[in-house]
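Beneath this line is the structure, given in structure tokens, with notes to follow.
The values are calculated or read from the model by the stated rules, or taken from the named source; none is laboratory data. Remember, it's a predicted structure, so these values are computed and weren't measured experimentally. Please note: Cβ atoms are built from the backbone with ideal geometry, for glycine as well, and neighbour counts cover all protein chains shown. These accessible areas exclude ligands, DNA and RNA; they are computed on the full protein's heavy atoms, side chains included. Shrake-Rupley method; radii C 1.70, N 1.55, O 1.52, S 1.80 Å.
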Amino acid sequence: MKNKILFIVFVCFGLFPSCSESFLELSNPNEQTTGDYWKTQEELQKGIDACYRALRFNGEYSRWLHILYIARSDEGYSHSPNAYFQAYSNFKIGSYNDDSAEAVFYTWLDNYKGIFWANQVLDNAPNIQMDETLRDRIMGEAYFLRGLQYFNLAGVFGRGPITLTSYAREDAPVIGEQEDLYNQALKDFKDARDRLPEKYSNSSDLGRATKGSALGMMVKVLMQQHNWAEAEAMCREIFNLKIYKLVDNYTDNFTAINENNSESLFEVQYAYGIQAGNELGCNRAKFMGLPVDGCSWDDSTPRTALKGDFEQEKTTDGKVDPRLKATLAFYDASTPDEKFYGKTWTQWGLDQNNIYWRKYTNWDTQTYEDYNSGINFRVVRLADIYLLYAEALNELNRTSEAYDYINKVRNRVGLCNLENSKVFTGIGNDKEKMREQIMHERMTELCGESWRWLDLERWGYFESAEKIAYLKSRDDDFSNFKIGVHNRFPIPHREIPLVEGLTQNPGY
């Protein structure tokens with residue numbers, strides 16, 4: 001689906017009531033309604049194709065999810081002149097009574113749009129005469145996409161209505177807390193797993209959700225719920241598919257080269273520029289890149305502590321961890337002529353002490369960033385699953401078994417086996433020490449991939465004054481963090497009176 005144009009299926013519910021005047025009973029030939037759509041296999045196929053478009057909305061993986069997950073964690077902060085951007089990361093956020101706070105408003109709105117579109121597919125698929133295998137697969141895709149929306153609503157807001165139909169209903173929707181949203185996401189991913197193929201035979205279907213996609217997100221939910229045993233089992237299901245393996249070049253996971261590769265369980269499909277009048281690109285690189293003329297904005301910047309994380313340990317041949325330069329852009333005195341967007345660090349006049357995001361940017365192929373980067377965003381990849389499997393094993397008191405999966409990730413970039421490390425020593429079968437080590441391994445492998453915030457929440461860092469102090473030592477924004485408040489974003493103010501039973505998150 002990389003270059004497939006996905007069209008929105010517009011559906012109108014606000015039909016006029018019946019009236020004796022015949023002209024009021026006429027249908028507009030230029031506007032389809034729920035009464036004359038959802039009739040054929042082709043229409044259902046177009047409906048599910050449209051559901052993937054929601055992932056490319058600004059409120060999802062095109063822009064705001066990255067800002068909220070990365071800038072809020074100890075990975076980043078904001079130098080933006082826009083006060084809202086700074087507030088997203090420094091915890092000086094209010095309830096926001098207007099739509100200027102786009103990250104708050106559009107993250108909520110766009111995820112619920114995606115849920116509504118997936119619900120349309122699920123509501124109408126059973127009533128269409130069509131190939132049963134295809135119907136089942138399309139419903140599996142809809143379950144997966146709906147589950148992904150609920151997963152992110154749980155991670156960002158921790159509360160929201162759970163709507164499982166697109167039809168108008170007379171009773172108020174169930175208002176779910178974080179655990180309820182995670183449970184719904186998990187149910188959707190299970191339904192998706194049971195319907196989706198392991199892979200697609202047609203290359204035009206590349207990028208659609210698969211059984212591995214659903215299993216990967218099931219692992220994600222189960223880990224957030226501390227359901228270590230079931231998460232461990234789901235990881236083994238992924239491994240037993242025998243279709244995923246780490247790519248040789250770590251950097252291939254974050255460029256337009258080698259997309260939808262053997263390491264990717266699911267990724268959002270993007271294309272450069274304007275395709276047939278439609279924007280199919282990602283905004284992330286424009287907001288999270290090098291803040292120089294014509295390139296990117298300084299809206300989300302990595303903390304300098306990250307560079308130190310990578311520099312703790314050298315490869316077996318004495319070199320710097322290659323993930324450092326794959327992740328961060330910085331001045332390197334050993335390669336002063338290295339160019340970023342066509343110029344050296346010095347030519348750009350950049351401060352030699354600053355660092356910026358390099359991962360998911362076009363720093364080496366373009367002289368600027370626009371709002372239509374074509375680099376696919378890898379939502380779940382195998383290295384992540386390996387490290388989650390190691391974490392689950394450790395929490396299940398099977399610490400000795402965790403080493404093999406950590407070493408798969410380390411060895412790919414030239415680091416020695418963990419048990420042979422001269423930097424990280426004395427771990428052995430100590431569960432607490434291994435947990436701390438896995439935190440480091442996840443930082444160096446997954447930094448800037450929008451998982452750190454959820455990792456910190458899973459590890460209990462938002463519930464402890466001692467742990468908040470540690471985060472503050474890495475990221476001064478945490479000086480403003482209030483336990484019980486800032487682990488959630490405020491629900492958009494205008495949504496509160498629109499949904500019966502919905503209340504604002506505590507502290508806003």
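Average projection, convex hull of the Cα set of the stretch 108-188: 5.3 square nanometres. Considering all projection directions equally, how large on average is the shadow of the alpha-carbon convex hull of the stretch 57-160, in square nanometres? With the hull built on Cα positions only, its mean projection is 7.8 nm².
With semi-axes defined as the square roots of five times the eigenvalues of the C-alpha gyration tensor, the equivalent ellipsoid of the stretch 242-356 measures 26, 23, 12 Å, largest first. Towards the positive end of the charge dipole of the stretch 434-508, with charges on Cβ (+1 Lys, Arg; -1 Asp, Glu), say which of ILE491, GLY507, HIS440 has the farthest Cα. The listed residue farthest towards the positive side: GLY507.
Each Lys and Arg Cβ is given +1 and each Asp and Glu Cβ -1; about its Cα centre, the stretch 92-233 then shows a dipole of about 300 debye. Over the stretch 337-399, the ratio between the Cα radius of gyration and 2.2 N^0.38 Å evaluates to 1.74. In plain terms, the C-alpha convex hull of the stretch 351-441 casts an average shadow of 8.5 nm² when viewed from every direction. Accessible surface area normalised per residue over the chain is 41 Å², counting heavy atoms of protein chains with a 1.4 Å rolling probe. Among 243-250, 384-391, 55-62, the peptide with the highest mean count of other Cβ atoms within 10 Å heads the list, and the full ranking is 384-391, 55-62, 243-250. A simple charge model with +1 on the Cβ of Lys and Arg, -1 on the Cβ of Asp and Glu and nothing else charged puts the dipole of the stretch 368-508 at about 200 debye relative to its Cα centre. Cross-chain or 8 or more residues apart, Cα under 20 Å: how many lysine pairs in the stretch 291-358 fit that? Count them up, please. Summing the qualifying lysine pairs gives 6.
Each of the peptides 486-499, 68-81 was scored by the mean count of other Cβ atoms within 10 Å over its residues; in descending order, highest first, they stand as 68-81, 486-499. Shown here are the Rg and Dmax of the Cα trace of the stretch 231-294, at 16.2, 49 Å.
Between the alpha-carbon centres of the stretch 175-250 and the stretch 53-123 there is a gap of 24 Å. When restricted to Cα atoms, the stretch 374-508 yields an Rg and a Dmax of 18.5, 59 Å, respectively.
When its C-alpha radius of gyration is set against 2.2 N^0.38 Å (N residues), the stretch 373-420 gives a value of 1.36. Please work out, to two decimal places, the log10 of the ratio I(q)/I(0) at q = 0.13 Å⁻¹ from a Debye calculation in which every Cα of the stretch 32-76 carries one identical scatterer. Taken in order of the listed q values, log10 I(q)/I(0) reads -0.48. The equivalent ellipsoid of the stretch 428-508 has semi-axes of 31, 15, 12 Å, largest first, where each one is the square root of 5 times an eigenvalue of the Cα gyration tensor. Computed in the context of the full set of protein chains, the accessible area of the chain at 1.4 Å probe radius has 48% of its extent on carbon or sulfur. Have a look at VAL221, ALA256, SER296 and report the one farthest towards the positive end of the charge dipole of the stretch 198-307, computed about the Cα centre with Cβ charges (Lys/Arg +1, Asp/Glu -1). The residue sitting farthest along the positive end of the dipole is VAL221.
Rg and Dmax of the chain, based on Cα coordinates, read 23.3, 86 Å.
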